[in-house]
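Note sheet for the following structure.
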């Protein structure tokens, strides 16, 4: 069977990151924290978009990692090591570090082969898929999909969550599959309407063989999606993994009905530096939660999910006003506590959560942020997870609506016991 794999099941064997040189010291702290918290069997592959970035990481990590730090040469990944620095060819064709979005991975009949599908995320940005297809990973090889079956769907890795027999995809982006955002073939779009696009999504996700996925939910359909605004941009809820988490867990109610648990964010409080001009935050929490509450209700109404709400703070990227000698908010963004890495293998379950600290100029909020971290950790613990926090500053990345999951891609998962 060749199907889209679960986003949460199985041991993470190989984890990919892309390093574009920006915010390099924050990124370096993230790499160090990941290396400290990943299981012994998990390998970290870092795609460096310039050779100088690989040199920087070698200088910073070499002393502590020693022989565990290795270079990928001629596309061959060494057999031994923990952290691997990889500088592919033609890296000028790739921009940004959201390696989750441009490539979707499917299982194949051969467990050592992985099928790569280019996504609609930056349709001309196919570098990463092409580069991975030429990579020789110990015990695994990658194949690129041929034909247009998957490419006709407007998907991205951050907007597609799969587990058990269902798919979740964000309606706002996916609707471009049948609307004017989709590529046209002659005078016709690839899909005439939503029904045709959903049918094609399930057909593609199942690949060859028996029907594995039989339900697709368009998350946010009918919800009051936030209009583009200078206070948060048009991407704050663009991808569902920024506010929604799979848990690989079911609960049974008093009547014996089993439902899959989803964690869905709830904006809790706006945090601003002291003495900030506070004339731009009115109604923001309500606007954010109008959308999130509507999504929660939509998913609960299906009868298939039990939706648990996890509190997240709202931060502000601020600028300085010379006339008043005070800061003022330029853009609001979420602390992406739903943008996490999950590894569920039978009863052994792990989740990696980002720390909330590090917001620029923000003081006096440590106690509140620690409380929110504890509250989120308690939810995952209740679901049977061991919680590991990544001690790094995620604010430079959250500001651009991406987090831990967006910055990483679990290239290989082992589904054995």
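A few notes on this one:
- For the range 42-77, filtering for residues that are closer than 20 Å to residue 130 by Cα, assigned to a loop (DSSP other than H, G, I, E, B) and out of contact with any helix residue (DSSP H, G or I) (no Cβ under 6 Å at 6 or more places or on another chain) leaves 5.
- Hits in the range 158-173 - residues which are assigned to a helix (DSSP H, G or I) and out of contact with any strand residue (DSSP E or B) (no Cβ under 6 Å at 6 or more places or on another chain): 158, 172, 173
- Residue tally, condition under 17 Å from residue 352 (Cα atoms) and assigned to a loop (DSSP other than H, G, I, E, B), over the range 405-417: 0
- Of the candidates 73, 66, 82, the single residue that is surrounded by fewer than 19 Cβ atoms within 10 Å (Cβ to Cβ) and touching a residue at least 24 places away in the same chain (Cβ under 8 Å) is 82.
- Flag if residue 16 is on the phi < 0 side of the Ramachandran plot and surrounded by fewer than 22 Cβ atoms within 10 Å (Cβ to Cβ): no
Rundown of residues vs (1) loosely packed, with under 12 Cβ neighbours inside 10 Å; (2) touching a strand residue (DSSP E or B) at 6+ places or on another chain (Cβ under 9 Å); (3) at pLDDT 85 or above; (4) not in a loop (DSSP other than H, G, I, E, B), yes/no style:
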| site | (1), (2), (3), (4) |
| --- | --- |
| 216 | no, yes, yes, yes |
| 222 | yes, no, yes, no |
| 225 | no, no, yes, no |
| 230 | yes, yes, no, no |
| 237 | no, yes, yes, no |
| 259 | no, yes, yes, yes |
| 272 | no, yes, yes, no |
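- Test for residue 286: is it over 16 Å from residue 356 (Cβ atoms) and buried (at least 19 other Cβ atoms within 10 Å of the Cβ): no
- From the list 110, 101, the one residue that fits, being at pLDDT below 95 and either surrounded by fewer than 19 Cβ atoms within 10 Å (Cβ to Cβ) or more than 26 Å from the chain's Cα centre (by Cα) (or both), is 110.
- Wholly within the range 325-404, strands (runs of 3 or more DSSP E) carrying at least 3 residues that are more than 19 Å from the chain's Cα centre (by Cα): 326-334
- Scanning the range 21-55 for residues that are surrounded by 19 or more Cβ atoms within 10 Å (Cβ to Cβ) and over 26 Å from residue 387 (Cα atoms), we see that the one that is nearest to the chain's Cα centre (by Cα) is 47.
- Flag if residue 415 is in contact (Cβ under 8 Å) with a residue 40 or more places away in the chain, closer than 24 Å to residue 103 by Cα and surrounded by fewer than 19 Cβ atoms within 10 Å (Cβ to Cβ): yes
- Single unsatisfied condition, residue 30 versus (1) closer than 22 Å to residue 137 by Cα; (2) in contact (Cβ under 8 Å) with a residue 40 or more places away in the chain; (3) in a helix (DSSP H, G or I): (1)
The values are calculated or read from the model by the stated rules, or taken from the named source; none is laboratory data. All values reported here derive from a predicted model rather than from experimental measurement. Cβ: placed from backbone, ideal geometry, glycine included. Neighbour counts: every protein chain shown.
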